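In what follows, a structure is listed as structure tokens, so that the remarks can point back to it.
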Amino acid sequence: MEKKQIDWSNIGFGYMQTDKRYVSNYKEGRWDEGGLTSDANVVLNECAGVLQYAQTIFEGLKAYTTEDGRIVMFRPDMNAKRMVNSAKRLEMPVFPEERFIDAVTQTVKANAAYVPPYGSGATLYIRPYMFGSNPVIGVKPADEYQFRVFTTPVGPYFKGGAKPIVIKVSDFDRAAPHGTGHIKAGLNYAMSLHAIMTAHAEGFAENMYLDAATRTKVEETGGANFIFITKDNKVVTPKSDSILPSITRRSILYVAEKYLGLETEEREVCFDEVKDFAECGLCGTAAVISPVGKIVDHGTEICLPSGMDDMGPVTKKLYETLTGIQMGHIEAPEGWIKVVE
């Protein structure tokens, strides 16, 4: 199968329309059989539930070309499970996990020519999403829904790739206690847009959000979880009911313990202790791990010992091991890699 003629090494993290996408509709209490379509447009009534009350959820995962030429996905079963939890929280019908995996597999297979070649630094981003599609004027869940999957080839999430970034402590809150911070709902990301544009205008790559209740504990950024490395090489990640349970973060903790023999700890992280860590990184599907070199708290700079030139040594080992598993030259734990055949 011949790849598309794209400058793979120089594409950014943006949308590029591919040939096929998957669509399934929920009506009268059940999902239809679904299937692939060439039509990239969504036609909705002006009063659709998603347009009036933001009833939408989504996922994000990637497909890769391995060193031996296979196309694989990384832990799509975890995305399927997380989308089930998101749907339940927003009173949406569950799209069955096995159908989710089949849908993303079909979509990647149909767009195989857009999966970047091995070694290009690019990947195929996969976006499953669901939304309320019928007219809703009273504040209530929709009765009809559409589940879709599209793909787009992408380059690095942050410009400059894995170079350390500078972030700021945000004045805004990302999620409320007992709110929706733990699910992947569009409304959470809408709330973060003003904060991220403010950060960018001030010269920062991202925000560090603190807990909304006390503003003393580290939560996450707008689109990634934090990992910290202590001076004795322990991997620490913040724990909170309002943090999105990142699949990448959970994979990093497993890799740290099982592959690298490092001690790991998932716990509340007080902002006051950030200055004592040796390394810091942001982890998620899009960036995998992006190192943080400096955190600015209202003019006070916290400079991580790992510096602004490269990833810290432990973060780099975690990154190389996880991407090695994803790309197929390090043996993966059972069930982590789904081959698209």
Checklist entry - What does the charge dipole of the range 1-115 about its Cα centre add up to, to the nearest 20 debye, if the Cβ of each Lys and Arg holds +1 and the Cβ of each Asp and Glu holds -1? => result 240
Checklist outcome for this item: Of the residues 325, 274, 296, the Cα lying farthest along the dipole of the range 271-327 towards its positive end, which is defined by charges on the beta carbon of Lys, Arg, Asp and Glu, belongs to 325
Item to check | Stretch gain in nm, segment residue 39-residue 331, where the contour uses 0.36 nm per residue and the Cα spacing is subtracted | outcome: 101.3 nm
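Below 8 Å, C-alpha to C-alpha, sequence gap of six or more: please give me the relative contact order for the chain in percent. Let's see the in-between values first.
Working: 750 pairs, mean separation 66.7, N = 341.
Relative CO of the chain lands at 20 percent.
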Checklist entry - Size of the range 32-139 along its principal axes in angstrom, Cα-based, largest extent first? => result 54, 28, 27
Item to check | Overall Cα dimensions of the range 174-277, principal axis frame, Å, largest first | outcome: 40, 27, 24
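Of 3/338; 217/294; 258/316; 4/62; 3/81; 109/258, which ones are farther than 27 Å apart at the Cα?
3/81; 109/258
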Checklist entry - Distance in nm between label sites at residue 163 and residue 17, each 7 Å beyond Cα in the beta-carbon direction? => result 3.4
Checklist entry - Carbon and sulfur: what percent of the range 100-192's accessible surface (1.4 Å probe)? => result 59
Next on the checklist: Applying a 10 Å radius around every beta-carbon, put 64-76, 218-230 in order of their mean neighbour count, most first.
Outcome noted: 218-230, 64-76
Next on the checklist: Testing the spin-label approximation: label points 7 Å from Cα along Cα→Cβ at residue 266 and residue 102. State their distance in nm.
Outcome noted: 3.0
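Please report, in debye to the nearest 20, how large the charge dipole of the chain is about its Cα centre when each Lys and Arg carries +1 at its beta carbon and each Asp and Glu carries -1 there. Don't skip to the end; give the middle numbers.
Details: 37 positive and 44 negative charges, 75 e Å.
It comes to approximately 360 debye.
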Item to check | With every protein chain in place, the range 16-59: carbon and sulfur % of accessible area (1.4 Å) | outcome: 42
Next on the checklist: If each DSSP helix of 4+ residues adds -39,500 (n - 2.57) and the sum is divided by the residues in the chain, what number results at 222 nm, nearest 500 deg cm²/dmol?
Outcome noted: -6500 deg cm²/dmol
Checklist entry - Between residue 339 and residue 214, what length comes free when the chain is fully extended (0.36 nm per residue of separation minus the Cα-Cα distance, one decimal in nm)? => result 40.5 nm
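The values are calculated or read from the model by the stated rules, or taken from the named source; none is laboratory data. Here the structure is a predicted model, which means the values were calculated and not measured. Backbone-built Cβ (ideal geometry, glycine too); neighbour counts: all protein chains shown. Areas reflect the complete protein model, heavy atoms only, side chains present, ligands, DNA and RNA absent. Shrake-Rupley method; radii C 1.70, N 1.55, O 1.52, S 1.80 Å.
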